[in-house]
1. Using 0.36 nm per residue, how much length does the chain from K67 to D103 gain when fully extended, once their Cα-Cα distance is taken away?
2. With +1 on each Lys and Arg Cβ and -1 on each Asp and Glu Cβ, and nothing else charged, work out how big the dipole of the chain is about its Cα centre, in Debye to the nearest 20.
3. Between K207 and R13, 0.36 nm times their residue separation minus their Cα-Cα distance comes to what?
4. Starting from the Cα gyration tensor of the range 1-56, take the square roots of the eigenvalues, sort them a ≥ b ≥ c, and report rounded, prolate or oblate (rounded when a/c is under 1.5, otherwise prolate if a/b is larger than b/c, else oblate).
5. Counting only heavy atoms of protein chains, what accessible area per residue, in Å², does the range 98-238 have with a probe of 1.4 Å?
6. Starting from the 7 Å offset along Cα-to-Cβ, what nm value, one decimal, do you get for the label separation of N148 and K59?
7. Would you please give the FRET efficiency between K82 and K47, computed as 1/(1 + (r/R0)^6) with r the Cβ-Cβ distance and R0 = 25 Å, to the nearest 0.05?
8. At 1.4 Å probe size, put V186, V129 in order of accessible surface, largest to smallest.
Amino acid sequence: MKAIILASGRGIRLGPITQDMPKTLIKILDRPIIERILDSLLEFNIKTVIITTGFHDDKLKAFIMSKEKYRGLKIEYVHNSKYKETNYIYTLWLLRKKVIDDDIILIHGDVVYDFSLLKKLIKKNESHVTVSKKDAIEPHELKAQIKNDKVVYIGLRPTDENTMLCTSIFKLLKKDIKIWMDEIDVFVNQGIVGCYAEDAFNKVSDKMTLLPLVFENEVGMDIDREEDIKTAERLLKS
């Protein structure tokens, strides 16, 4: 099993906080998000890691290289030179030949989560994505629609009462990542590169078996805005 960390985004909604550094270097309780993610992978012996980079990739690499504890990881960096004009559907497309030979853990580089969530995910025998029972879902947050115990839609639009917050930590079996990547290839070849990778998933969700890993008490959230930093720190402290 290998891990993919999507860390190409600029984090524009965070304003001056990410003006001179990639979003994944934001500190939550004095530890950058990327450090929390890599520590969780080490905790569960996942040592093959692909990190996608974009804005200020030099600072991200320098931080990781400065940590002796990561010397045992096999880290490969894949740079999205078009990070300003593309979304992470294009970033994933750049990995298309690297992610179809093994099961993968896919984590957005701005997600803060309890290690217990990753542990549960790794133990699953089918493809899963973490979803939260959070009551109020903001318009800018990804939502997962669930039908017959399967995730059939991930995106921003409101859906129905079977919709939960999608916190973007995936375990994907080889068979499912191939189906998704083949559709991502269709999108990119048509020049559709400014959308979410989940838009491609929505086209083929009926061909995949993506199940929801529902959590309620653990911490699992994206850091999209300044108030999210404060919320994450409060939750982790408690």
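1. 10.3 nm
2. Roughly 640 debye for the chain.
3. Once the chain is fully extended between K207 and R13, it gains 66.4 nm.
4. Verdict is oblate for the range 1-56.
5. For the range 98-238, the per-residue accessible area is 47 Å².
6. The modelled label-to-label distance comes out at 4.8 nm.
7. For K82 and K47, the calculated efficiency is 0.30.
8. From most exposed to least exposed: V186, V129.
The values are calculated or read from the model by the stated rules, or taken from the named source; none is laboratory data. If you're wondering where the values come from, they're calculated on a predicted model, not measured in any experiment. Ideal geometry is used to build each Cβ from the backbone, glycine not excepted, and the neighbour counts take in all protein chains shown. Please note that ligands, DNA and RNA were not included when accessible areas were found on the heavy atoms of the full protein model with its side chains. Shrake-Rupley method; radii C 1.70, N 1.55, O 1.52, S 1.80 Å.
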